[in-house]
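Enquirer: This structure is in structure tokens; I'll ask about it shortly.
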């Protein structure tokens, strides 16, 4: 018996939210003075929670691609920057595994394509993770070559690693079914997703056996050229943003405030709409992150009440912080005077986007 989609979505969203809460709490604890044993236990909890989150994200992504197709957010992407990011992401992890990671880019320094940066990163992440897991020692090579193609730029990616003899002769689906500690479910799901991404983008992918030990995964993509966007001007703000986090769940408040702190923002919290309205009267906030379902006064009612306040207090940007972010719900939030929606569990890049939007709007008004 399969779960209805709305129950499946609710359950998986709740798991992701709880994992985000655990990670935020462990991050807060890591800043305290702990004994070496306590630090090791805390690191283990954090690593396990992050692994669960990544595995769930990969499974949900594969499910979404299979049912709705591949969702893409293309934008100008400088290929040299992509490979610099890949190297930075994997340098420490490869070193901890005893593997030397060699990352290279062969192409014009300014070469830029119109592509989804996150999806291409997922492809490299998946095959590098598989190669690092199978190498155990030695080197893993990840390269990208860009050259003129029939309709833009032809990209050739190659990830070379040592073969794990225990996995020889087994197809990818068999590897997923026969998960072991060396080739975990997270990595297997990542490889499945990476192959699907390449195929959905109209690319080609294959495996090559290297002379001696080793195996290379190679893929080709044809992507349209783009013009690189100019670097943004550095902000000259005189102070950090001050954020009001409104949520009746203590873990959610801690997660949001930890993310605010990550971006050098100060924050205060309120447990419901009544407290949020009282705090907003002072007019000291640059942004309000507002939960929707709360006791005493919900987020929509609180937003309307804040909009009725006189002066700057009634003009502060309000962003809905909710797991219910479908178009109909979002329309209700905007009609109540809110300025945007951030879906739970909140991701750092989403918070950063709303902070920038709020501060840019205030700077323009000033």
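Enquirer: State yes or no: is residue 271 in contact with a helix residue (DSSP H, G or I) (Cβ under 9 Å, 6 or more places away or on another chain), at pLDDT below 95 and more than 30 Å from residue 326 (Cα to Cα)?
Expert: No, not satisfied.
Listed here are the residues, each with its yes/no results for (1) surrounded by fewer than 16 Cβ atoms within 10 Å (Cβ to Cβ); (2) under 19 Å from residue 14 (Cα atoms); (3) touching a helix residue (DSSP H, G or I) at 6+ places or on another chain (Cβ under 7 Å).
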residue: 284; (1), (2), (3): yes, no, no
residue: 292; (1), (2), (3): no, yes, yes
residue: 310; (1), (2), (3): yes, no, no
residue: 318; (1), (2), (3): no, no, yes
residue: 323; (1), (2), (3): no, yes, yes
residue: 328; (1), (2), (3): yes, no, no
residue: 331; (1), (2), (3): yes, no, no
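Enquirer: Look at the stretch 121-150 and say how many of its residues are out of contact with any helix residue (DSSP H, G or I) (no Cβ under 8 Å at 6 or more places or on another chain) and at pLDDT below 80.
Expert: Qualifying residue count for the region: 4.
Enquirer: Related question: Given 341, 255, which one is crowded, with 19+ Cβ neighbours inside 10 Å, within 26 Å of residue 21 (Cα to Cα), touching a helix residue (DSSP H, G or I) at 6+ places or on another chain (Cβ under 8 Å) and free of Cβ contacts under 8 Å to residues at least 24 places away in the same chain?
Expert: Details: 255 fails: free of Cβ contacts under 8 Å to residues at least 24 places away in the same chain.
Matching residue, one of 341, 255: 341.
Enquirer: Go through the stretch 334-358 and give me each residue that's outside any helix (DSSP H, G or I) and more than 15 Å from residue 291 (Cβ to Cβ).
Expert: Start the filter on the stretch 334-358 by keeping residues that are outside any helix (DSSP H, G or I), which leaves 336-347.
Once the filter is applied, which keeps residues that are outside any helix (DSSP H, G or I) and more than 15 Å from residue 291 (Cβ to Cβ), the stretch 334-358 yields 337, 339, 347.
Enquirer: Looking at the stretch 54-73, can you tell me whether even one residue there is crowded, with 17+ Cβ neighbours inside 10 Å and either farther than 27 Å from residue 195 by Cβ or modelled with pLDDT of 85 or more (or both)?
Expert: No, the stretch 54-73 contains no residue that is crowded, with 17+ Cβ neighbours inside 10 Å and either farther than 27 Å from residue 195 by Cβ or modelled with pLDDT of 85 or more (or both).
Enquirer: A further question follows. Please verify whether the stretch 24-33 includes one or more residues that are out of contact with any helix residue (DSSP H, G or I) (no Cβ under 6 Å at 6 or more places or on another chain), surrounded by 14 or more Cβ atoms within 10 Å (Cβ to Cβ) and closer than 30 Å to residue 160 by Cβ.
Expert: The answer is no, given that none of the residues of the stretch 24-33 is out of contact with any helix residue (DSSP H, G or I) (no Cβ under 6 Å at 6 or more places or on another chain), surrounded by 14 or more Cβ atoms within 10 Å (Cβ to Cβ) and closer than 30 Å to residue 160 by Cβ.
Enquirer: Residues in the stretch 235-291 that are in a loop (DSSP other than H, G, I, E, B) and under 21 Å from the mean Cα position of the chain (by Cα): how many?
Expert: Counting residues in the stretch 235-291 that are in a loop (DSSP other than H, G, I, E, B) and under 21 Å from the mean Cα position of the chain (by Cα) gives 3.
Enquirer: Given 298, 308, 291, 286, which one is in the same structural domain as residue 267 (by TED's automatic domain parsing) and in contact (Cβ under 8 Å) with a residue 60 or more places away in the chain? Steps first, answer last, please.
Expert: Numbers: 298 fails: in contact (Cβ under 8 Å) with a residue 60 or more places away in the chain; 308 fails: in contact (Cβ under 8 Å) with a residue 60 or more places away in the chain; 291 fails: in contact (Cβ under 8 Å) with a residue 60 or more places away in the chain.
When all the criteria are applied, what remains is 286.
Enquirer: Related question: Would you confirm, using the coordinates I've provided, whether residue 241 is buried (at least 19 other Cβ atoms within 10 Å of the Cβ) and at pLDDT below 90? Write out each step before concluding.
Expert: Numbers: buried (at least 19 other Cβ atoms within 10 Å of the Cβ): yes; at pLDDT below 90: yes.
Taking the combined requirement at face value, the residue satisfies it.
Enquirer: When residue 215 is evaluated against the numbered criteria (1) more than 25 Å from the chain's Cα centre (by Cα); (2) surrounded by 19 or more Cβ atoms within 10 Å (Cβ to Cβ); (3) modelled with pLDDT under 70, which criterion, by number, is the only one it fails?
Expert: Checking residue 215 against (1) more than 25 Å from the chain's Cα centre (by Cα); (2) surrounded by 19 or more Cβ atoms within 10 Å (Cβ to Cβ); (3) modelled with pLDDT under 70, the one that fails is (3).
The values are calculated or read from the model by the stated rules, or taken from the named source; none is laboratory data. Everything numeric in this text was worked out from a predicted model, so none of it was measured. Heads up, the Cβs are rebuilt from the backbone with ideal geometry, glycines too, and the neighbour counts pull from every protein chain shown.
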